[in-house]
Amino acid sequence: MNYTRQEVMQFVKEEDVKFIRLTFCDVFGRLKNISIMDNELERAFNVGIAIDASAVDGFGDEAHSDLFLHPDPDTLAILPWRPEHGRVVRMFCAITYPNGDSFESDTRKILIDAVKTAKDKGYEFAFGPEIEFYLFKLDEHGNVTDTPYDNAGYMDMIPYDRGENIRREICLTLEQMGIYPESSHHEEGPGQNEIDFRYSDPVSAADNAMTFKSVVNAVVFHNGVGVSFAPKPIKDKAGNGFHINMSVHSNNGEKSEDVVKSAIAGVLKHISEMTAFLNTTDESYKRFGGNKAPKYISWSFENRSQLVRVPAYRSDEYGRMELRSPDPSANPYIAFALIIYAALDGIEHGYNLSKPCNVNLFTADEKTKAHYKTLPLTLADANASAKASGFIKRCLPKSVIETYVNRK
C-alpha cells in the first residue's frame, strides 16, 4: 500500500488505533504475533521489538534466544473484526539479530531475496494462490466435530451450500484489509470451500495467503463454525489444495512462450526435491493420486489430473502455469521462493519442456502411468530427497533445511 513510517504513525494517531500486532511466521508458516500499544510504535520502527526466539519452531534455542521484529509499514492493515474504538492494526515484520543482521530463518526475507535475484536477472514473477478449506459443525462445548457443515458439492448453491454467507463475509473482510479475492465457491468435498486471489507480486501474494488464513479463522469462529486447512480432513473425500498459479515476465527481450516453457521445465525437474516444503505433514501424502490431487510428475493443458496445468488463456497458450501438488500446510514464503528458483534454473539453462501428457492419469492404465515418475509418496521420502538436493542447499539456509528434514 506504499505507506511510509510517518504515514503509519499519523494513521495510528488519527484513526484511534490502540493496538498494533507485529506479525511474522515460524519456519513452517504458522502465523505468530505480538501486540504493542500505540505509544510503542515509534520504538518498534526505530530499534525493533524483542521476542524470545527459543519458543518459536526453527528459530533457535535458549542459548541464542533474542531476536527483534521490525514492522514493514507497507503492510499496514486494519483488523475489521476488532472493535471500532481502540482499533487494532497489523503489520508484517522483518526479523533480525540484536546486532541488526537479518535472521536467516526469516522465511519472508527468503522470498524477498528470491524476488530480488529474479529481478537482477531480468525476470518478474507474479503469483495467484487458490486455497481450500473445510467447514465443520461444533459440538455443544464449542469443539470442532468431524461432521461437515453441509453436504453440498462443486459450485452448488443455497440451500445445499451453507457456506455461502461465510465466504461472502470472508471476502468482504479481506476487501476491507486491501486484499481483493477474485472468486469464491463451494468445492467438491462436503463442507469444502475455496477462495481464489488475483495475481500480485510474490511477497504480497504470500502475505495475502497468510492473512487469508487468519481472516478465515476469525470469521468462521464468529459464525460458530469450525474450520480445517488440513491436507486430508475427511478420508475418501477431496483433500485441501493450495494451488499456486505463477506467471513470469522477461525484461531481456525473450519470447514469452519460451520463457514460460523453460520455467515449467525447471519446476518439473526440481519438484521432488521441493515436495518436503510444499507438503509438510504425513497427512499431505494421503491426498496424492485422487480427487484432482496429482501423483505423477507431468504437465498438460487444462488437464486437472496433472502436476502442472497450463490453464486456457486467450492470447497466449503458455500464459501461466498452475502447480497443483502443494497443500495448505506449506509456508507460502518458502513455497514461492523455491518455485522462483526452480523456474529461474529452467530459464537460465534453457531446459526443454517434455511433451504434454494428454491423458487422465486418475483413470489411465498402469502401462501408461509407468512412463511417468511419481512425486515422493511419504514425508520420509520427501525429506530424503530434500536432504540430498544440491538445488535445495543453494536456495534455502541450512537452518531451515535441517528444521524440515530432521523433524520427527
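The values are calculated or read from the model by the stated rules, or taken from the named source; none is laboratory data. This one's a predicted model, so the numbers in the text were calculated from it and none came from an experiment. Quick reminder, even Gly has a Cβ in these numbers, built from the backbone with ideal geometry, and neighbours come from all protein chains shown. Note: areas computed on protein heavy atoms with side chains; ligands, DNA, RNA excluded. Shrake-Rupley method; radii C 1.70, N 1.55, O 1.52, S 1.80 Å.
So, in the range 183-196, exactly how many residues are touching a residue at least 24 places away in the same chain (Cβ under 8 Å) and more than 16 Å from the chain's Cα centre (by Cα)? Outline the logic, then answer.
Just the residues of the range 183-196 that are touching a residue at least 24 places away in the same chain (Cβ under 8 Å), to begin with: 185-196.
Right, trim to more than 16 Å from the chain's Cα centre (by Cα) and you get 185-193.
Residues that pass the stated criteria total 9.
Checking A94 against (1) assigned to a loop (DSSP other than H, G, I, E, B); (2) under 22 Å from L396 (Cβ atoms): exactly one of these is not met. Which one?
In the conditions (1) assigned to a loop (DSSP other than H, G, I, E, B); (2) under 22 Å from L396 (Cβ atoms), A94 misses (1) alone.
When N165 is evaluated against the numbered criteria (1) open to solvent by less than 10 Å² (accessible area, probe 1.4 Å); (2) over 21 Å from I78 (Cα atoms); (3) not aliphatic (A, V, I, L, M), which criterion, by number, is the only one it fails?
If we test N165 against (1) open to solvent by less than 10 Å² (accessible area, probe 1.4 Å); (2) over 21 Å from I78 (Cα atoms); (3) not aliphatic (A, V, I, L, M), just (1) comes out false.
Can you say whether S228 is under 22 Å from K292 (Cα atoms), within 17 Å of the chain's Cα centre (by Cα) and open to solvent by 10 Å² or more (accessible area, probe 1.4 Å), as far as the supplied structure shows?
On the way: under 22 Å from K292 (Cα atoms): yes; within 17 Å of the chain's Cα centre (by Cα): yes; open to solvent by 10 Å² or more (accessible area, probe 1.4 Å): yes.
Judged against the criteria, S228 is a match.
Which of the residues belonging to the range 177-209 are touching a Leu at 6+ places or on another chain (Cβ under 7 Å), modelled with pLDDT of 95 or more and open to solvent by 10 Å² or more (accessible area, probe 1.4 Å)?
V203
Just checking, which of G319, G239 is small (G, A, S), modelled with pLDDT under 95 and either within 17 Å of D196 (Cα to Cα) or open to solvent by 10 Å² or more (accessible area, probe 1.4 Å) (or both)?
Values: G239 fails: modelled with pLDDT under 95.
Exactly one of G319, G239 is small (G, A, S), modelled with pLDDT under 95 and either within 17 Å of D196 (Cα to Cα) or open to solvent by 10 Å² or more (accessible area, probe 1.4 Å) (or both), namely G319.
Quick test of your reading of the structure: E130 fulfils all but one of (1) among the acidic types (D, E); (2) open to solvent by 50 Å² or more (accessible area, probe 1.4 Å); (3) under 21 Å from the mean Cα position of the chain (by Cα). Name the failing condition by number.
E130 satisfies every listed condition except (2).
To keep it simple, each residue is scored yes or no on (1) under 18 Å from Y199 (Cβ atoms); (2) within 20 Å of the chain's Cα centre (by Cα); (3) at pLDDT 95 or above; (4) open to solvent by 40 Å² or more (accessible area, probe 1.4 Å).
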site: G253; (1), (2), (3), (4): no, no, no, yes
site: S256; (1), (2), (3), (4): yes, no, no, yes
site: H270; (1), (2), (3), (4): no, yes, yes, no
site: E302; (1), (2), (3), (4): no, no, no, yes
site: L307; (1), (2), (3), (4): no, yes, yes, no
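Just give me the residues in the range 272-289 being more than 17 Å from the chain's Cα centre (by Cα) and either under 16 Å from S385 (Cα atoms) or open to solvent by less than 20 Å² (accessible area, probe 1.4 Å) (or both), in sequence order.
Residues of the range 272-289 that are more than 17 Å from the chain's Cα centre (by Cα), as a first pass: 272-273, 282-283, 285-289.
Hits for the range 272-289 are S272, E273, D282, Y285, R287.
Could you grab the pairs with beta carbons closer than 8 Å, sequence gap of 6+ or different chains, first residue in the range 26-44 and basic (K, R), second one open to solvent by less than 80 Å² (accessible area, probe 1.4 Å)?
R30/D57; K32/T23; K32/F24; K32/C25; K32/D26; K32/V56; R43/I49
Can you tell me which residue within the range 97-122, out of those that are among the hydroxyl-bearing types (S, T, Y) and assigned to a helix (DSSP H, G or I), is least open to solvent (accessible area, probe 1.4 Å)? Please lay out each step first, then the result.
Applying the first criterion (among the hydroxyl-bearing types (S, T, Y)) to the range 97-122 yields 97, 102, 105, 107, 117.
Filter once more, so that each one left must be assigned to a helix (DSSP H, G or I): 107, 117.
Values: T107: 1, T117: 46 Å².
By that ranking, first place goes to T107.
Could you check the range 147-160 and list, in sequence order, the residues that are surrounded by 12 or more Cβ atoms within 10 Å (Cβ to Cβ) and at pLDDT 90 or above?
The answer is T147, P148, Y149, D150, N151, A152.
The conditions are (1) open to solvent by 30 Å² or more (accessible area, probe 1.4 Å); (2) within 14 Å of the chain's Cα centre (by Cα), and N223 fails exactly one of them. Which is it?
If we test N223 against (1) open to solvent by 30 Å² or more (accessible area, probe 1.4 Å); (2) within 14 Å of the chain's Cα centre (by Cα), just (2) comes out false.
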